[in-house]
Amino acid sequence: MPKLVNLGSLCIDNVYTVPAIAQPGETVASLDYQQHPGGKGLNQSMAAARAGLDVVHVGCMGRDGARLAEVLESAGVAVDGIRISDTHASGHAVIQVDASGQNAIVIAGGANRFLEPQDLERALNVMGECDWLLIQNEINDIERILNVVSKLPVSLAFNVAPADARVIDYPLDGVDLLIVNEIEAAALADGATPADAVERLCTRYPTCHVVLTCGALGLRYGHGAERLELPAFPVDAVDETAAGDAFIGYLMHGWLNGHGTAEALAWASAAGALAVTVAGAATSIPTAAEVAEFLRGAQGLRDAPE
């Protein structure tokens, strides 16, 4: 069975429930405060493991991050590749969640932004012939990682989140699966709308599979001349924080296990939909049984992949 090696971030999430997200110059009283394990890397590793994949997480955290590794290990993720820094604290995030489930997030990269060449080497050394490498934009040294991997027979998935000034210079020719939201797609495709962004990215990178998520508007997929659109599942949103990460973890499960594109995307979309119905980041990621039950109840869709 293929495995997923995630060279990814690990964060401590500080979540504040607010009546409305604070505007510039405004002070808002929080209705609730909770601390959760998070970071796009950690969330995606957990989601992939809960979907049924064999997952290895490689990354860096501070001495304050012991719980992050414990949470991953309890989900079945191999954590021997996580390096502990004595000089940097773990990454952390400040997250506001309003009454409609929308969020605003401030991230401090911490140890996630001090990965070293040995971390990439550690990730590559545990990969087999059919395995995939997954990265997100919450770590440092992305340009070098992309350049190194492009010269190797390695299958690479890249979630360009969150988008920042670095992304316009990234060499993406070696990426096999590119996963972006509307903001990230616009950053890579000169401000294009979602439909145009998929066209531009597929033209620019003709061998790459492009998945563009649009929240409640569903998703768009492109590869070469192939195009596909899927609507979102209607749910009552509580917290959108880890929806994209749940989507990606479950997508990687379907992708690595050879399920059809539409089936893998539906499986992933169901996981993302369920994640927004529960507060928190890693804590909101559904189990495979929950996603399968949700899909069975969704009219017109086949059962979830086993």
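Quick check on V77: is it hydrophobic (A, V, I, L, M, F, W, C) and either touching a Pro at 6+ places or on another chain (Cβ under 8 Å) or without any contact (Cβ under 8 Å) to a residue 12 or more places away in the chain (or both)? Working first, answer last.
On the way: hydrophobic (A, V, I, L, M, F, W, C): yes; either touching a Pro at 6+ places or on another chain (Cβ under 8 Å) or without any contact (Cβ under 8 Å) to a residue 12 or more places away in the chain (or both): no.
No, not satisfied.
A quick yes/no check of all residues on (1) acidic (D, E); (2) within 16 Å of S30 (Cα to Cα); (3) under 18 Å from the mean Cα position of the chain (by Cα):
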position	(1), (2), (3)
A69	no, no, yes
A75	no, no, yes
R83	no, no, no
S90	no, no, no
V97	no, yes, no
S100	no, yes, no
I107	no, no, yes
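Count, please, the residues in the stretch 57-76 that happen to be assigned to a strand (DSSP E or B) and closer than 13 Å to L4 by Cβ. Spell out the reasoning first.
Of the residues in the stretch 57-76, the ones assigned to a strand (DSSP E or B) are 57-62.
Right, trim to closer than 13 Å to L4 by Cβ and you get 57-58.
Residues that pass the stated criteria total 2.
Quick check on my filter: what residues within the stretch 258-280 are over 18 Å from the mean Cα position of the chain (by Cα) and among the aliphatic types (A, V, I, L, M)?
A262
For the condition within 19 Å of the chain's Cα centre (by Cα), in contact (Cβ under 8 Å) with a residue 24 or more places away in the chain and surrounded by fewer than 16 Cβ atoms within 10 Å (Cβ to Cβ), what is the one hit in T287, T241, T283? Step through it out loud before you land on a result.
Details: T241 fails: surrounded by fewer than 16 Cβ atoms within 10 Å (Cβ to Cβ); T283 fails: surrounded by fewer than 16 Cβ atoms within 10 Å (Cβ to Cβ).
One residue alone meets the criteria, T287.
Find the strands (runs of 3 or more DSSP E) located wholly in the stretch 1-56 whose residues include 3 or more that are farther than 13 Å from G280 by Cα and either modelled with pLDDT of 95 or more or not polar (S, T, N, Q) (or both), and list them.
Strands (runs of 3 or more DSSP E) meeting the threshold: 3-7.
Going by the conditions given, is L265 out of contact with any Gly (no Cβ under 6 Å at 6 or more places or on another chain) and either in a loop (DSSP other than H, G, I, E, B) or of a type in the set (K, R) (or both)?
Details: out of contact with any Gly (no Cβ under 6 Å at 6 or more places or on another chain): yes; either in a loop (DSSP other than H, G, I, E, B) or of a type in the set (K, R) (or both): no.
For L265, the condition - out of contact with any Gly (no Cβ under 6 Å at 6 or more places or on another chain) and either in a loop (DSSP other than H, G, I, E, B) or of a type in the set (K, R) (or both) - is not met.
Would you call G109 of a type outside the set (V, I, T), in contact with a strand residue (DSSP E or B) (Cβ under 8 Å, 6 or more places away or on another chain), surrounded by fewer than 16 Cβ atoms within 10 Å (Cβ to Cβ) and farther than 17 Å from T241 by Cβ? Walk me through how you get there before you give the answer.
Working: of a type outside the set (V, I, T): yes; in contact with a strand residue (DSSP E or B) (Cβ under 8 Å, 6 or more places away or on another chain): yes; surrounded by fewer than 16 Cβ atoms within 10 Å (Cβ to Cβ): no; farther than 17 Å from T241 by Cβ: yes.
No; evaluated as a whole, the condition is false for this residue.
Residue by residue through the stretch 173-226, note down the ones that are of a type in the set (S, T, Y) and either crowded, with 21+ Cβ neighbours inside 10 Å or touching a residue at least 12 places away in the same chain (Cβ under 8 Å) (or both).
Y205, T207, T213, Y221 - these are the residues of the stretch 173-226 that are of a type in the set (S, T, Y) and either crowded, with 21+ Cβ neighbours inside 10 Å or touching a residue at least 12 places away in the same chain (Cβ under 8 Å) (or both).
Within the stretch 45-56, identify whether any single residue is over 26 Å from A264 (Cβ atoms) and under 18 Å from the mean Cα position of the chain (by Cα), and answer yes or no.
Initially, the stretch 45-56 is screened for residues over 26 Å from A264 (Cβ atoms), giving none.
No, there is no match, as no residue in the stretch 45-56 is over 26 Å from A264 (Cβ atoms) and under 18 Å from the mean Cα position of the chain (by Cα).
What's the number of the only condition in (1) under 30 Å from I95 (Cα atoms); (2) assigned to a strand (DSSP E or B) that F247 fails to meet?
All conditions pass for F247, except number (2).
Only residues that are surrounded by fewer than 17 Cβ atoms within 10 Å (Cβ to Cβ) and touching a Phe, Trp or Tyr at 6+ places or on another chain (Cβ under 6 Å): list them for the stretch 10-37, please.
S30, Y33
In the list L156, L133, L120, which residue meets the criterion of being surrounded by 14 or more Cβ atoms within 10 Å (Cβ to Cβ), in contact (Cβ under 8 Å) with a residue 24 or more places away in the chain and over 18 Å from the mean Cα position of the chain (by Cα)? Let's see the steps before the verdict.
Numbers: L156 fails: over 18 Å from the mean Cα position of the chain (by Cα); L133 fails: over 18 Å from the mean Cα position of the chain (by Cα).
The conditions single out L120.
For the stretch 250-257, indicate whether the set of residues that are surrounded by fewer than 24 Cβ atoms within 10 Å (Cβ to Cβ) and either basic (K, R) or without any contact (Cβ under 8 Å) to a residue 40 or more places away in the chain (or both) is non-empty.
There is no residue in the stretch 250-257 that is surrounded by fewer than 24 Cβ atoms within 10 Å (Cβ to Cβ) and either basic (K, R) or without any contact (Cβ under 8 Å) to a residue 40 or more places away in the chain (or both).
For the stretch 81-112, which residues satisfy the criterion of being in a strand (DSSP E or B), touching a His at 6+ places or on another chain (Cβ under 9 Å) and not hydrophobic (A, V, I, L, M, F, W, C)?
G81
The values are calculated or read from the model by the stated rules, or taken from the named source; none is laboratory data. All values derive from a computational prediction rather than experimental measurement. All Cβ positions, even for glycine, are placed from backbone atoms using ideal geometry, and neighbour counts span all protein chains on display.
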